[in-house]
Amino acid sequence: MNVEKWINKNGESLKGKTVVITGANGGLGSQLCRLFARFEAKVVMPVLEEDGAKKLIDEIKAEYPNFDASVVSLNLASIENVDKCIEQLKTLGGIDILIHNAGVYNVPLKKLDSGYNMVFQINFLYPYYMTKKLMSELEKKPGSKVVAIGSVAHKNSKIDEKDIDFSTYKQISKTYGNSKRFLMFALHELFKNNDKVSLSIVHPGVTLTNISNHYPKAINWLVMFVLKIAFPKPKQAILSIFKGCYTPCKYNHWIGPSIFDVWGKPKQSKLKDCTEEERKKIFDYAENMYATIEKNKQ
C-alpha cells in the first residue's frame, strides 16, 4: 500500500488538540510523534527515559520547527511516579487524545508495588488506573478519545482466576497476551456506556521494534532479519493507531491490519476471542484492583 497516500487521505489537522502518548520515544511512539508534528498537534510525552524523548523532540523540530511538545516523567513500575505524572497532566487544561503506547514484554516477572508482576502492572493495571484518573480531563474536550494498543497475543490467553497476572506461566507470550487481554476488554467495558469519551482499541500487527527484540541470541538475528524484510515497518504499522485517533471503535471491536492481522490497510473488526462472561469478569477484577490501589494510598 502507499503509506503517504493513505495518511493524506485519512489524516486531518490536529491543530489545537492535545495528544498524550506514553512511551513516546519508542519505535512506534517516535513514528507517531512525527505524524502528530505533521498534523500540528500539541504532544505531551510521559516517558521513562526523558533524555531520549527530549532528543526525539529536537530531531522532529529539525523537520517541523513549530512542533509543540513537552516531556513528563512516567515510571509505570511506581504508583508514586504515576500519580505525579497524572497531576502534571491535569494541568494541561484538558486532553483530546490519550494513547496508551508504553509497554514491556520479556522482563523479569517480579512483583511490583501493586502486588502483580511487572508485565501485568505496566501493560494493563496502571494504564487502566491512569485512564480512570484522567477521565475528567478527557471530558473537558468534546470528542476526546482514549487509544489503547492491544495485541494479537491476547488470543494466547484466557482469564485464570487462580493466577490473574499469569506469574506462574513459563511462556512469556501468554503472560504478555494476558496483560493485553485485560487492557483491551477492561477498557471496552469501562467505556461501554460512556457518551462523552470514546475508545479505540488498536493493534499494529507484527513489526520490528525494541519490544520484538527478545529472542535468544542464537536466533535473535534471524528473527530480526525476517521481521525487517517480511513485515511492515513501524512507519506503516502505526497506521492502525493513527486511524484510532480519528475513528472510535464499536463495542468489542478493534482496528488493525486487514490481512491476517499483519498486512494491509487498517480495518475495524469484531473481537471474537472473549465471551461476554469473561469480559465482565475482567472488568470486575479491574475495578477491584483500582479500588485497592486507592485504598492502599490512604
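A short reminder: the numbers here are calculations on the coordinates, not readings from a lab. Everything numeric in this text was worked out from a predicted model, so none of it was measured. Methodologically, a virtual Cβ is constructed for each residue, glycine included, from the backbone with ideal geometry; neighbour enumeration extends over all protein chains shown.
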*Reported to two decimal places, what Rg/Rh ratio describes segment 51-195 when computed on Cα atoms with Rh from the Kirkwood expression?*
1.00
*Per the helix-only calculation at 222 nm, which mean residue ellipticity applies to the chain, given -39500 (n - 2.57) for every DSSP H run of n ≥ 4 and division by its residues, nearest 500 deg cm²/dmol?*
-12500 deg cm²/dmol
*What is the spin-label model distance, in nm, from Ser78 to Lys295 if the labels are put 7 Å beyond Cα along the C-beta direction?*
2.6 nm
*Which aspartates and glutamates, on any chain, are close to Lys265 with Cα under 18 Å apart, when same-chain ones fewer than 8 places away are left out?*
Glu4, Glu12
*Please report how far the C-alpha centroid of segment 120-160 lies from that of segment 22-99, rounded to the nearest whole angstrom.*
17 Å
*asked:* Quick check of the Kirkwood formula: for the chain, what is the inverse mean of 1/r over all pairs of different Cα atoms, in Å?
replied: 19.3 Å
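Among the DSSP beta bridges whose two residues both lie in the chain, what percent are antiparallel, rounded to the nearest 5?
Values: 7 of 29 bridges.
Beta bridges within the chain, antiparallel portion: roughly 25 percent.
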*Count the DSSP beta bridges whose two residues both fall in segment 1-154, then state the antiparallel fraction as a percent rounded to the nearest 5.*
5 percent
*Which of the listed residues, Asn2, Ile95, Leu239, is farthest toward the dipole's positive end in the chain, when Lys, Arg count +1 and Asp, Glu count -1 at the beta-carbon?*
Asn2
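With charges set only on the Cβ (+1 for Lys and Arg, -1 for Asp and Glu), what does the dipole of segment 234-284 come to about its Cα centre, in debye to the nearest 20? Numbers along the way, then the final one.
On the way: 10 positive and 6 negative charges, 62 e Å.
Once rounded to the nearest 20, the dipole reads 300 debye.
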*In whole Å, how far is the Cα centre of segment 169-195 from that of segment 261-298?*
4 Å
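Return a whole-number percent for the relative contact order of the chain, with Cα pairs under 8 Å and 6 or more residues apart as the contact set. Numbers along the way, then the final one.
Working: 537 pairs, mean separation 47.4, N = 298.
Over the chain, the number comes to 16 percent.
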_Point-charge dipole on Cβ atoms (K/R +1, D/E -1) for the chain, about Cα centre, debye to 20_ = 760 debye
